[in-house]
Amino acid sequence: MRAFLPTVSVLMVAVTTLACQARAEESTVALDKLPKAVIESIKKKFPTAELVEATEEKEDGELEYEVTVKVAGKKIDVTVEADGKIEGYEKEIAINELPAAVTATLDKTYPKATKKSAEAVFEIEDGKEELEFYEVQLETADKKTIEAKIKADGKLIMDKDEKEEKK
């Protein structure tokens, strides 16, 4: 048993190290250094967008960009592959734009929390855009920040205490 425990410990350290190395590293990119296809795709999707900032990272060996734009004073984070394919985006919305079911879930789950900001998170697959969930930043009565992810029907899928989707 004593020989077994050090082996398990070494394996746990090795797995943790590999997981950390596999995690994508994000770096800032100057807007004038973005691939032409990335800028063209964003301008096509959001014609009045003002480019604000950009980062790049390798995700599963593929280079992708997260470009922050402003449209009508609202921030939108657009995730784009190097070839210009938009994977999705997170659009800043006003708290009062949240669907009633989302607000009801937040009020029930976090009755004393203050809603600080909200985003609508969209995924684009095969040219079809789909609202995935709403992401809401909350501040609890004891000043802790919580990020809650909630489907439009009010189903809580993740909050500060969970890393996986609730069943």
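Would you call ILE157 β-branched (Val, Ile, Thr), within 19 Å of the chain's Cα centre (by Cα), in a strand (DSSP E or B) and within 27 Å of ILE39 (Cα to Cα)?
no
Name every residue in the range 55-79 that is in contact with an Asp or Glu (Cβ under 7 Å, 6 or more places away or on another chain), surrounded by fewer than 17 Cβ atoms within 10 Å (Cβ to Cβ) and among the aliphatic types (A, V, I, L, M), in order of residue number.
LEU63
Is it true that some residue in the range 58-69 is touching a helix residue (DSSP H, G or I) at 6+ places or on another chain (Cβ under 6 Å), among the small types (Gly, Ala, Ser) and more than 23 Å from TYR134 (Cα to Cα)?
The answer is no, given that none of the residues of the range 58-69 is touching a helix residue (DSSP H, G or I) at 6+ places or on another chain (Cβ under 6 Å), among the small types (Gly, Ala, Ser) and more than 23 Å from TYR134 (Cα to Cα).
Please work out if ALA82 is surrounded by fewer than 12 Cβ atoms within 10 Å (Cβ to Cβ) and within 27 Å of ILE42 (Cβ to Cβ). Step through it out loud before you land on a result.
Values: surrounded by fewer than 12 Cβ atoms within 10 Å (Cβ to Cβ): no; within 27 Å of ILE42 (Cβ to Cβ): yes.
No; evaluated as a whole, the condition is false for this residue.
Listed here are the residues, each with its yes/no results for (1) within 29 Å of TYR65 (Cβ to Cβ); (2) among the polar types (S, T, N, Q).
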position	(1), (2)
PRO99	no, no
THR105	no, yes
LYS108	no, no
ALA113	no, no
LYS116	yes, no
ALA120	yes, no
GLU130	yes, no
GLY154	no, no
ILE157	yes, no
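From the residues in the range 85-96 that are under 19 Å from the mean Cα position of the chain (by Cα) and within 29 Å of THR140 (Cβ to Cβ), which one is surrounded by the fewest Cβ atoms within 10 Å (Cβ to Cβ)? Write out each step before concluding.
Of the residues in the range 85-96, the ones under 19 Å from the mean Cα position of the chain (by Cα) are 85-95.
Now narrow it down to the ones that are within 29 Å of THR140 (Cβ to Cβ): 88-95.
Numbers: GLY88: 16, TYR89: 23, GLU90: 19, LYS91: 19, GLU92: 16, ILE93: 16, ALA94: 9, ILE95: 14.
Among them, the one singled out is ALA94.
Take the residues in the range 106-152 that are surrounded by 14 or more Cβ atoms within 10 Å (Cβ to Cβ) and in a helix (DSSP H, G or I), then tell me which one is modelled with the lowest pLDDT.
THR109
The values are calculated or read from the model by the stated rules, or taken from the named source; none is laboratory data. Quick caveat, the model's predicted, so the values are computed rather than measured. Because the Cβ atoms are built from the backbone with ideal geometry, glycine has one as well, and the counts that use them run over all protein chains shown.
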